[in-house]
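S.K.: I have a structure here, written as structure tokens, and I will follow up with some questions on it.
The values are calculated or read from the model by the stated rules, or taken from the named source; none is laboratory data. Keep in mind the model is a prediction, meaning the values are calculated, not measured. Cβ placement follows ideal geometry from the backbone for every residue including glycine, while neighbour counts extend to all protein chains displayed. Heads up: the accessible areas ignore ligands, DNA and RNA and are worked out on the full protein's heavy atoms, side chains in. Shrake-Rupley method; radii C 1.70, N 1.55, O 1.52, S 1.80 Å.
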Amino acid sequence: MAAHRRSAKGRAPLAKKRMFERSAVSHPDSRSPEICREISRRDWRSLAGFGWILLSLLSGDMGSARAESIAPSRIEQLMRTPPHLAAERPEVRVIGLVSAVGDGLAAEGNRPPGESFFCVEQDSVGIWVRTAAAIRDGLLTNTAVLADLKCGTKVEIEGVLDEGLFAPVLLPVRVSVLGTEPLPEPRRAVLRRFFRGADDVRRVSVIGVVQSMIEESPTRWLLRAETGSGHFLVRLPKRDEFSPSRLLDAEVDFTGLAAVSRNWRFEFVCPRLIIDRAEDIDIRTPPPADPFGAPKLRLRYLDGYHPDGRPLHRLRVEGTVTFQGPGRELYLQEDGCAIRVETNDEVDVVVGERVEVAGFIDTTRHVAGLRGAMVRKLEASASSVLTKPVPITMSQIDADYLRAAEGRGPRPISCDGRLVQIRGMLLSVHRSLSPPAYHLELECEDSVSTAWVPANAPERVGTRMPTPGSELLLTGIASLQYPPTVTSANLLKPTRLDLLLRSPEDITVLSQRSWWTVERVASLLMVALALAVAAVIWAFTLRRTVFRQTRLLAEQMRDRRDAVIEFQAALGERTRLAANLHDTLLQTVTGIGFQLEACGQSNRSRGEQLDRHLATARRMIEHCQDDLRSVVWTLHSLPLKAGSLGDSIRQLVRQIGDQCDSEIVVTCGEGLPKLADFVAGNVLLVIQEAILNAVKHASTRRIHVDVFTNAQRDRVEMTIRDGGCGFDPVSRLSAKDGHFGMAVMQQRVERLGGLLQVESEHEKGTTVHVQIPVLEFDPQLA
């Protein structure tokens, strides 16, 4: 470590000196060596010191003192850092060779690959440098050096350690290029370590047979290579030299940087290789010229015993298509045995066709199949008949299992993948967002099965889907379910039979469930009971409402009858009292007036003093007469003897106008409604009282009376206004002061359910606004 520190410190001044010399030569304004020799030793030292500071600022070496205080770390030790310690982001400094840049040959985009990530190797151990993450976090600001990175570039990296998505990674703060060196030869991968992910970020060589190539993106191939001990993945660009015709089924020696394929929890799934050079792919055994020239096997012997072990290259089988699923999946059947085939590309075949398939053995399921397969159709022959389904139950499957386990009789063939029929009662129908679109739960005689309906015809299936409780006959591909392999060393016993349907025509309804089920009858009874309870509650509520409204109507009718009787009695009493006052007191006072007048005429000789007293008495009598006439008029019922409301108002105004000097102008609108006698009488009394108040107190020459109805014809509105002296409505005299006029008017209007407003101002007159609602009354009150 000390030697490393001394060598690093020794290289720094040398590098600075060389940079200074290059900068002095590259600029035309810089001083030549001849001119520098003429400068004194003291001036030269000053100039060198200034240049040293300037170059330190430009190259970032002002911060190198702090970096040099951190000893260079060994990548092998960094890769052994536990994740919780790496998450604390300790500062590190690493010196090594760039062994991979970006995604290698499969890199995409226009920006330099180094701006995403690159790998630094030291003593055959590497670590990922995540430049994109460092730029995003603001750690790395100087990115110009990243464009010059390539395999074999020696770099010094100062930054922090991070836990990464699988293994520890470096987040650079500063990247310095120290030169270039050849990469050491890669090691031959030890498969025991390679398939456990232990060679992550190491350059290794692995030999494998390319068993599948799929299009991962518009510019990339994703290869799956099998070694016999496991498989790994390789990303390659879409180039002619990497076409499937050259690589598929070829034995290839791959050299590249080991990486990993991860799941969503960032756990190891399988290894993959990142290749940076075309020469890192060495085809040791090219694929056969004819893919269908591979050895042909019967389906039942597909993955049986082979003297050299399971073959890694293509095998060829022949059979009848019994199922074609969405994408690249189909099932073949021959001699009572069936397999699942996954093709590289979509193929155009139909159920019942005879085909030949060349593919690689797939053991990802409990029974063997083929993947990465190529399919070609065979010419029609007499044997090209539609495969008939075989009725099956779980009891028959258990019996076949026992016969196979005991070794009795001919060796049975598993029904897994075969075209079969099952019969049972439909329990439920479920729909899912992802394919298959539907699945049916079926209760068979001795088990429960799930039938998966394909997603290529969900609309047709939805229109033909039977109801639960129906008895069905289903035709489809058998899919046996097995327990975990740890329960038995071999010959696992199937636990469940599921079915993969091909189309809605595979569903046959043997008997439809009766509509009158126990559940539906119970539901109908519950609905009927609920309706009955609701009807009883509604009838009880309606009866209470009718009783309450009847009682309220009776009370209103009784109150109205009492009001009519009371009004008629009061009307009779008022008429009688008015007649008595007219016939007694008024006549008596009138007689006294006549006697006083005669006394005055007979005693004219007594002098002026007697005349003055008699005149005073006459005025008092006249005043008393006026008051009595007013009382008699007020006590009278004021019936509408003149006809309509407008005519009665005009007659009232003429009678009042005959007793005063003021001019009264009446304006009645058209279409005044007909009012009941007691309403109209009170209206006339209100108008009379307002006019008399104006005559007595306003000292006005003209009074305006306006009577009209509103637009809705539900109110009679009256306005009595004068241009007299006016008064203060706040400090006006009230009934406590002996003035009853305004109080009586207010009571009359409120009795009729109306509204009275008085507006007045000194020297601007008084306006009385009255609104009376138009109501319907009994004929007795009209």
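S.K.: Taking H as built 1.01 Å from N, whose amide H comes closer than 5 Å to the amide H of residue 715, not counting residues under 5 places away?
M.R.: Residues meeting the criterion, in which the H sits 1.01 Å from N, are 710, 774.
S.K.: Take the Cβ-Cβ distance between residue 715 and residue 661 as r, set R0 to 25 Å, and report the resulting FRET efficiency rounded to the nearest 0.05. Present the calculation step by step, with values, prior to reporting the outcome.
M.R.: Values: r = 34 Å, r/R0 = 1.34.
Using R0 = 25 Å, I get an efficiency of 0.15.
S.K.: If you roll a 1.4 Å probe over the range 217-369 with all protein chains in place, what percent of the accessible area is carbon or sulfur? Before the final figure, lay out the partial values.
M.R.: Working: 3350 of 7210 Å².
Using a 1.4 Å probe with all protein chains present, the range 217-369 comes out at 47 percent carbon and sulfur.
S.K.: Return the sequence-ordered ³J(HN,Hα) values of the range 361-377 in whole Hz as given by the Karplus equation 6.51 cos²θ - 1.76 cosθ + 1.60 applied to θ = phi - 60°, using x for Gly and Pro.
M.R.: So the Karplus estimates, Gly and Pro as x, are 5, 10, 10, 6, 9, 5, 10, 6, x, 10, 10, x, 8, 10, 10, 9, 7 Hz.
S.K.: Which value in nm describes the separation of the simple spin-label points at residue 725 and residue 345, placed 7 Å from the Cα toward the beta carbon?
M.R.: 11.9
S.K.: With a Förster radius of 41 Å, plug the Cβ-Cβ distance of residue 526 and residue 432 into 1/(1 + (r/R0)^6) and report the FRET value to the nearest 0.05. Each step should come with its number before you reach the end.
M.R.: Details: r = 31 Å, r/R0 = 0.77.
For R0 = 41 Å, the calculated efficiency reads 0.85.
S.K.: Still on this structure, please answer the following. Hey, what do the phi angles of the range 699-705 turn into as Karplus ³J(HN,Hα) couplings, whole Hz, using 6.51/-1.76/1.60 and θ = phi - 60°, x for Gly and Pro?
M.R.: With the stated coefficients, the range 699-705 comes to 6, 10, 9, 9, 10, 10, 10 Hz.
S.K.: Just to verify a number: what accessible area does residue 565 come out at with the full protein assembly present, 1.4 Å probe, Å² rounded to tens?
M.R.: Counting only protein heavy atoms, residue 565 exposes about 100 Å² to solvent.
S.K.: Could you give each residue of the range 246-251 its phi-based ³J(HN,Hα) in whole Hz, using Karplus coefficients 6.51, -1.76, 1.60 with θ = phi - 60°, and x for Gly or Pro?
M.R.: With the stated coefficients, the range 246-251 comes to 8, 10, 5, 6, 9, 8 Hz.
S.K.: In nm, give the distance between the simple-model label positions of residue 296 and residue 509, each being 7 Å from the Cα along the Cα-to-Cβ direction.
M.R.: Taking the two extended label points, one gets 4.6 nm.
S.K.: Please list, ordered by chain and number, the residues whose modelled amide H lies under 5 Å from the amide H of residue 272; skip anything fewer than 5 residues away on the same chain.
M.R.: Here 233, 259, 260, 261 satisfy the definition.
S.K.: To continue, here is another question. In the neighborhood of residue 189, defined by Cβ-to-Cβ distances under 9 Å, what is the net charge if each Lys or Arg adds +1 and each Asp or Glu adds -1? Don't jump to the answer; show the numbers that get you there.
M.R.: Details: positive: 187, 188, 193, 202; negative: 199.
Combined, the nearby Lys, Arg, Asp and Glu give +3.
S.K.: Follow-up. Between residue 551 and residue 289, how many nm apart are label points set 7 Å from Cα along the C-beta direction?
M.R.: According to this spin-label approximation, the distance is 11.2 nm.
S.K.: Give me the net charge for the shell around residue 302: Cβ to Cβ below 13 angstrom, other residues only, Lys and Arg +1, Asp and Glu -1.
M.R.: The answer is +3.
S.K.: Related question: What does the charge count near residue 215 come to, summing +1 for each Lys or Arg and -1 for each Asp or Glu among other residues with Cβ under 11 Å from its Cβ?
M.R.: Value of the local net charge: 0.
S.K.: Of the listed peptides 661-674, 215-228, what is their order by residue-averaged count of other C-beta atoms within 10 Å, with the highest listed first?
M.R.: Answer by packing, highest mean first, reads 215-228, 661-674.
S.K.: Taking the solvent-accessible surface of protein heavy atoms with a 1.4 Å probe, what is the per residue accessible area of the range 316-426 in Å²?
M.R.: With all protein chains present, the range 316-426 gives 48 Å² per residue.
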